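Below: one structure, written as structure tokens.
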Amino acid sequence: PNMSGDEVFAKLREVDSRAAVLIASGYASDQKTKKVLENGGLGFIQKPFAIEDLAIQVRECIENSEKS
């Protein structure tokens with residue numbers, strides 16, 4: 001609570017610099033989202049989303065992180 005998504009991302013990276021992050025947001029063109037993706041966020045999914053779409057995005061993030 002009381003933290004924005006980009007603040008949570010920064011804290012996660014302080015704890016574990018390899019933390020895998022998939023962003024879920026209702027804002028498609030948010031500058032904070034863009035910044036997180038540029039700094040190592042693995043993917044983005046637009047809210048609202050179906051569980052099947054979330055599963056696809058998670059799989060893609062896993063596959064992309066394994067390539068790195």
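Looking at the chain, the accessible area is 76 square angstrom per residue; that uses a 1.4 Å probe and ignores ligands, DNA and RNA.
Within the shell of other residues whose beta carbon sits under 15 angstrom from the beta carbon of Lys47, the net charge comes to -2, with Lys and Arg scored +1 and Asp and Glu -1. Taken along its principal axes, the alpha carbon cloud of the chain reaches lengths of 29, 28, 20 Å, longest axis first. Taking trypsin sites (Lys or Arg not before Pro) across segment 1-53, the ones in a DSSP loop with at most 16 further Cβ atoms lying within 10 angstrom of their Cβ are Arg18.
Contact order, relative form, for the chain: 32 percent (alpha carbon pairs under 8 Å, 6 or more residues apart, mean separation divided by residue count). Heavy-atom surface analysis with a 1.4 Å probe gives segment 29-68 a carbon and sulfur content of 53 percent of its accessible area.
The values are calculated or read from the model by the stated rules, or taken from the named source; none is laboratory data. None of the values given here were measured: they were computed from a predicted structure. Don't worry about glycine lacking a Cβ; one is built from the backbone with ideal geometry, like all the others, and counts go over all protein chains shown. Side chains included, ligands, DNA and RNA excluded: accessible areas come from the protein's heavy atoms. Shrake-Rupley method; radii C 1.70, N 1.55, O 1.52, S 1.80 Å.
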